[in-house]
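Read through the structure below, which is laid out as structure tokens, and then see the notes.
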Amino acid sequence: MPKWKLIVEYEGTRYRGWQEQANARTVQGELRKAAEAYLGPGLEIAGSGRTDAGVHALYQAAHLRSPKAARPGPLRQEINDRLPADINVRELEEIQPRFHARHHAQERFYLYQIATERSAFGKHFVWWIKDRLNVKLMEDAFRLFHGMHDFATYREKTEDSPSTLVDVTRCELAVHGSLILVRMGASHFLWKMVRRIIGVLVEVGRGKLRIQDINRLSAAEIARLTAPPSGLFLEYVRYACDEPPGNLIPAFVLRQREIINNKSNKEIR
């Protein structure tokens, strides 16, 4: 059975997350419907990880296996023609049969966008904070999460996870105009972990939480600080031999730069 690796981007506003659910509209479910309409039944589709309801993706890696053969270029086009406008297969390539999008991923990177100014545009893609935020304090607090830690108090308590230990490999924070950008990289993430860390950082930035008190917060207190899903993006998934993510820039500048670069490369050819 042929197998393909897909890179998928999507706006998660209208979906109950990535993973298929019996009575909810999901990104994986829409991808399956589009692929089955062209390839027929009997497909295997798996992503590098779940994203929550309302969370977006710039780079969700997935694999697709089908009894029916197809060339990558036409297959990508046929699937995209059948997908809603807020889901797009950016890349599709045939991959060796043993590849698994989730098991073989080495790092996942999430980007969160905090807006410090109100805007009529992009409200589905940021968390607007009215209060003035102390970015330096937020940076200092963010360093506490780097490395291997037990994040049991930062997960949704209903999650069935065999381990709450997570190796956080990247903690970056940058200001880009009226946006505060937060990037977090790790071997894996627990359910709602990133959004709850963002909520804690914002409370520190507001001056309502001292850095030295972060480790004293209970799970219930942390849960009440959970940031909304609108500002969160699955930014990148790294596999063996892949380069690390580039500079920390806003989500749409990232995509616009890629489009411009691709257009320039084609013109050069």
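The values are calculated or read from the model by the stated rules, or taken from the named source; none is laboratory data. Predicted model, so just to flag it, every value in this text is computed and none were measured. Backbone-built Cβ (ideal geometry, glycine too); neighbour counts: all protein chains shown.
What the table below lists for this structure:
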item	result
Arg76 outside the structural domain of Gly12 (by TED's automatic domain parsing) and of a type in the set (D, E, K, R)	no
Condition met for Ile95 (surrounded by 16 or more Cβ atoms within 10 Å (Cβ to Cβ) and more than 27 Å from Gly231 (Cα to Cα))	yes
Of residues in segment 10-35 being of a type outside the set (A, V, I, L, M) and in a helix (DSSP H, G or I), the one nearest to the chain's Cα centre (by Cα)	Gly12
Conditions (1) over 21 Å from Phe125 (Cβ atoms); (2) of a type outside the set (D, E, K, R); (3) assigned to a strand (DSSP E or B): number failed by Tyr38	(3)
Where a residue in segment 194-216 is more than 19 Å from Asp167 (Cβ to Cβ) and without any contact (Cβ under 8 Å) to a residue 60 or more places away in the chain and its partner, wherever it lies, is of a type outside the set (A, V, I, L, M, F, W, C) and not in a helix (DSSP H, G or I), with Cβ under 7 Å and at least six apart	Gly199/Thr226
Residue satisfying all of: in segment 105-147; without any contact (Cβ under 8 Å) to a residue 60 or more places away in the chain and among the hydrophobic types (A, V, I, L, M, F, W, C); surrounded by the most Cβ atoms within 10 Å (Cβ to Cβ) among these	Phe142
Test: residue in segment 148-168 that is in a helix (DSSP H, G or I), over 21 Å from Gln113 (Cβ atoms) and in contact (Cβ under 8 Å) with a residue 40 or more places away in the chain	yes
In segment 42-81, residue farthest from Glu20 (Cα to Cα) [restricted to those that are buried (at least 20 other Cβ atoms within 10 Å of the Cβ) and among the β-branched types (Val, Ile, Thr)]	Ile79
Of residues in segment 100-151 being within 18 Å of Leu201 (Cα to Cα) and among the hydroxyl-bearing types (Ser, Thr, Tyr), the one nearest to the chain's Cα centre (by Cα)	Tyr110
Cβ pairs under 6 Å, 6+ apart, first in segment 53-67 and assigned by TED's automatic domain parsing to the domain that holds Tyr15 and in contact (Cβ under 8 Å) with a residue 40 or more places away in the chain, second aromatic (Phe, Trp, Tyr) and in a strand (DSSP E or B)	His56/Phe233; Ala57/Tyr10; Leu58/Phe233; Tyr59/Tyr236; Leu64/Trp4
Among (1) of a type in the set (Gly, Ala, Ser); (2) assigned to a strand (DSSP E or B); (3) in contact with a Gly (Cβ under 8 Å, 6 or more places away or on another chain) - the single one Ala174 does not satisfy	(3)
